[in-house]
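In what follows, a structure is listed as structure tokens, so that the remarks can point back to it.
The values are calculated or read from the model by the stated rules, or taken from the named source; none is laboratory data. If you're wondering where the values come from, they're calculated on a predicted model, not measured in any experiment. In this analysis, Cβ positions are derived from the backbone assuming ideal geometry, glycine residues included, and neighbour counts consider all displayed protein chains. Surface accessibility is based on the protein's heavy atoms, side chains included, excluding ligands, DNA and RNA. Shrake-Rupley method; radii C 1.70, N 1.55, O 1.52, S 1.80 Å.
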Amino acid sequence: KKEIAQKAALARWGAKATHKGNFKEEFGFDVECYVLDDAQKTAVISQSGMGDTLGLISTSADRLHRLLAGRNIAPYVSRELKDKVFKPIVFQGLTPVANVPPPVIHGYDVTILIDVCKAVIQAESEGKLLKRQLNVAKQAHIILNASAKAGIKGLVYALAGYDATRQEVIEAFKFFVREEARE
């Protein structure tokens, strides 16, 4: 009965954030991130944050849409990725003050960041990017490679039974980002 009630509440009200963070202090850019209360404990980056993470210059809310729908990158974007990007996750944020309704936030499952990076890199490898898009490709390489290194390290930690602290995880990722940026 509890599981049925939770599914009904999720369908009616949408997911809710249980945790909120920001990349600002650790990485220097203001990108909000959340963990949702759904069954998958979805990790989410705000819609505007996704564009910031990729280094998209425009501040428009649809800048990620425009990037992926552009004729140079669109052929490398799967139907599934398009569906996810054009239908962001809408959820309730954390309430900063008691008796104030939670804000409604639009965001993306953070794993699609990897799919976006792969599409950009594939377009770059085939020489399809415009000169002004090369900064996005550079950022995509950094994100993809640092994420892969941090992910495999985290997997080995988990398999070996080592519980890394939150700070260890952040420091490892920062190290990999710096390493990738240098290359």
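A few points about this structure:
- Structure-based [θ]222 nm, the chain - -39500 (n - 2.57) summed over DSSP H runs of at least 4, per residue, nearest 500: -16500 deg cm²/dmol
- To the nearest ten degrees, helix 111-125 and the longest principal axis of the Cα atoms of the chain are 10 degrees apart.
- Extension gain from ASN72 to GLN167, taking 0.36 nm per residue of separation minus the Cα-Cα distance: 30.3 nm
- Across the cross-link table entries LYS41/LYS128; LYS20/LYS131; LYS24/LYS84; LYS41/LYS174; LYS20/LYS128; LYS16/LYS138, which are compared at the Cα atoms, the separations over 29 Å belong to LYS41/LYS128; LYS20/LYS131; LYS20/LYS128; LYS16/LYS138.
- Extending 7 Å from Cα along the Cβ direction at THR95 and again at VAL156 yields two label points whose distance is 4.6 nm.
- Electrostatic bookkeeping for ILE112 treats Lys and Arg as +1 and Asp and Glu as -1; over the other residues with beta carbon under 12 Å from its beta carbon, the sum is 0.
- Label assignment, mean projected area of the Cα convex hull in nm² derived from the structure, set (i) 11.0; (ii) 13.0; (iii) 14.7: (ii)
- Between GLU179 and GLU126, full extension at 0.36 nm per residue minus the direct alpha carbon distance yields a gain of 16.6 nm.
- Cα gyration tensor, segment 94-183 - rounded (a/c under 1.5), prolate or oblate: oblate
- Of the residues HIS106, HIS65, HIS19, ranked by 1.4 Å probe accessible area with the largest first, the sequence reads HIS19, HIS106, HIS65.
- Counting Lys and Arg as +1 and Asp and Glu as -1 over every other residue whose Cβ lies under 12 Å from the Cβ of THR42, the net charge comes to 0.
- Overall, the accessible surface of segment 1-154 at a probe of 1.4 angstrom is composed of carbon and sulfur to the extent of 57 percent.
- Whole-Å distance, taken between Cα centres, linking segment 45-71 and segment 122-139: 15
- Hz values of 3J(HN,Hα) by residue in segment 92-106 - Karplus curve (6.51, -1.76, 1.60), Gly and Pro given as x: 8, x, 7, 7, x, 9, 4, 6, 10, x, x, x, 8, 10, 10
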